[in-house]
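Step one of this worksheet: look at the structure below.
The values are calculated or read from the model by the stated rules, or taken from the named source; none is laboratory data. What you are looking at is a predicted structure, and each value in this text was computed from that prediction instead of being measured. A quick note on method: Cβ atoms are made from the backbone with ideal geometry, for glycine too, and the neighbour counts reach across all protein chains shown. The protein model used for the area step is the full one, side chains on, heavy atoms only, and it has no ligands, DNA or RNA in it. Shrake-Rupley method; radii C 1.70, N 1.55, O 1.52, S 1.80 Å.
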Amino acid sequence: MDTLFFHCYDTALGTCALAWGGQGIVGSQLPEESAVATRDRMRVRFPAAREVLAFEQLPLPVQQARAGVQALLAGEPRDLLEVELDERGVPEFNRQVHALTRRIAVGQTLTYGEVASRLGQPGAARAVGRAEGSNPFAPIVPCHRVMGAGVWVRVFQPMAASRRNCACWPSRHAPLASRSASRRRCSAEP
């Protein structure tokens with residue numbers, strides 16, 4: 001098993017964190033209610049990981065991942081595809097969902113059913129929802145771009161609980177013009 005590390009850092013939305021080992025990012029954390037809570041969450045998720053405090057001590061790929069997340073959460077249209085993920089502990093179906101989700105263009109969304117269909121498993125919408133709901137890499141894997149097929153989409157609430165806390169969350173108050181469209185414009189993304 002690789003030695004794991006984690007690093008907490010400030011973003012436009014609060015303190016985020018990354019965890020990594022020798023083969024890439026093993027997890028990311030959106031802001032909790034405080035920097036202390038984010039750090040505590042990382043200690044629970046990655047109990048064997050050692051914290052790295054100084055930016056200069058981070059491996060270059062982790063510095064780049066941090067900069068990409070900071071830019072995304074500051075409102076820059078970023079896809080973060082260059083960030084290498086270590087998904088060895090992630091079930092194969094979830095990996096497929098993550099790979100497809102990462103390719104959804106900034107400003108676009110898909111439904112769980114559309115993701116399932118694109119994976120060749122049209123009856124797996126609930127499984128896609130579970131995979132997105134357990135995404136250990138938000139916002140690197142932009143699970144906020146995949147939603148249920150209801151008429152209303154959810155609103156982004158800054159500094160809310162970690163999974164709901166994403167800079168590009170669509171608006172609850174904006175009805176979707178067409179539920180049959182396979183790609184929709186996310187009103188909160190640039």
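Note on VAL44 and GLU84: the model spin-label points, each 7 Å out from Cα along the C-beta direction, lie 3.1 nm apart. Over the stretch 1-107, with every protein chain in place, what whole percent of the accessible area is carbon and sulfur at 1.4 Å, could you tell me? Carbon with sulfur: 52 percent of the solvent-accessible area.
The H on the amide N of VAL26, modeled in the peptide plane, is under 5 Å from the matching H of ALA19, TRP20, GLY21, ASP86, each at least 5 residues off or on a different chain.
For the stretch 12-164, a crude dipole built from +1 on the beta carbon of Lys and Arg and -1 on the beta carbon of Asp and Glu, taken about the Cα centre, is about 380 debye to the nearest 20. Taking a ≥ b ≥ c as the square roots of the eigenvalues of the Cα gyration tensor of the stretch 1-95, is the shape rounded (a/c under 1.5), prolate (a/b larger than b/c) or oblate? Rounded.
Residue by residue, the stretch 41-57 carries 3J(HN,Hα) couplings of 4, 5, 5, 6, 5, 10, x, 8, 6, 9, 7, 10, 8, 8, 3, 5, 8 Hz when phi is fed to the Karplus relation 6.51 cos²θ - 1.76 cosθ + 1.60 (θ = phi - 60°); x denotes Gly or Pro. For the stretch 22-37, 3J(HN,Hα) computed residue by residue from phi via the Karplus equation (6.51, -1.76, 1.60; θ = phi - 60°) reads x, 10, x, 6, 9, x, 9, 9, 6, x, 8, 5, 7, 4, 4, 5 Hz, glycine and proline entered as x.
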